[in-house]
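Reviewing the structure listed below.
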């Protein structure tokens, strides 16, 4: 069994136990996180929907990322990741969301945001939203896989810290 499968199974078990739902907003991973969690039998009981918002227009139209956020900070930024996570929650029935936006390469990087820069956000309905920026090494596939792994681990860590819902 792969690590992504193990993480997805653990995430599903935790969400099922709590009676909670997940949504995802993905850019550079192109739906890989959604694919990973929906590969788990029974995921229809805890995964609501995924948004693949690869273009800026998709981020604005599908999950209401403010154009000013994109203009001011760029698509690969913590403010954009936060807006993606919050927008995914607002456009779903989920209790938790995760957002991933980054530069998987091999081109598209800059000195400020080199290839491998990925921004994440995790949000809880009626709760907080945390963001983080990572830099991953490797080719496009490696950056994307590491991004999905990091997002899933981040969800599990936040579920462990969050109090059980009544």
>> Which residues does the label zone of residue 134 cover in region 83-114, counting backbone N under 20 Å from a point 7 Å along Cα→Cβ?
In response: 83-86, 96-107, 109-110, 113-114
> For region 1-50, rounded, prolate or oblate, judged on the Cα gyration tensor with a ≥ b ≥ c (square roots of eigenvalues), a/c < 1.5 rounded, else prolate if a/b > b/c?
Replying inline: oblate
>> What does the C-alpha gyration tensor say about the overall shape of region 82-166? Classify as rounded when a/c is under 1.5, otherwise prolate if a/b is larger than b/c, or oblate.
In response: prolate
> In degrees between 0 and 90, to the nearest 10, how far off the longest principal axis of the chain does helix 78-90 point, with axes built from Cα atoms?
Replying inline: 40 degrees
> Rounded to the nearest 500 deg cm²/dmol, what is the calculated helix-only ellipticity per residue at 222 nm for the chain, with -39500 (n - 2.57) per DSSP H run of length n ≥ 4?
Replying inline: -13500 deg cm²/dmol
> Taking 0.36 nm per intervening residue step and subtracting the Cα-Cα distance, what contour gain separates residue 126 from residue 55 on full extension?
Replying inline: 22.8 nm
>> Please report the antiparallel percentage of the DSSP beta bridges confined to the chain, to the nearest 5.
In response: 60 percent
> Where does helix 140-161 land angle-wise versus the long Cα axis of the chain, in degrees 0 to 90, nearest 10?
Replying inline: 40 degrees
>> Can you give me the angle between helix 3-18 and the longest principal axis of the chain, using Cα atoms only, in degrees from 0 to 90, rounded to the nearest 10?
In response: 50 degrees
> Expressed as a rounded percentage, what relative contact order does region 3-160 have, with Cα pairs under 8 Å and six or more residues apart?
Replying inline: 24 percent
> Which whole-number percent is the relative contact order of region 77-166 (Cα, under 8 Å, 6+ apart)?
Replying inline: 27 percent
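Every number here is computed from the coordinates shown, using simple stated rules; none is lab data. Note that the structure is a prediction, hence the values are computed from the model and not measured. Methodologically, a virtual Cβ is constructed for each residue, glycine included, from the backbone with ideal geometry; neighbour enumeration extends over all protein chains shown.
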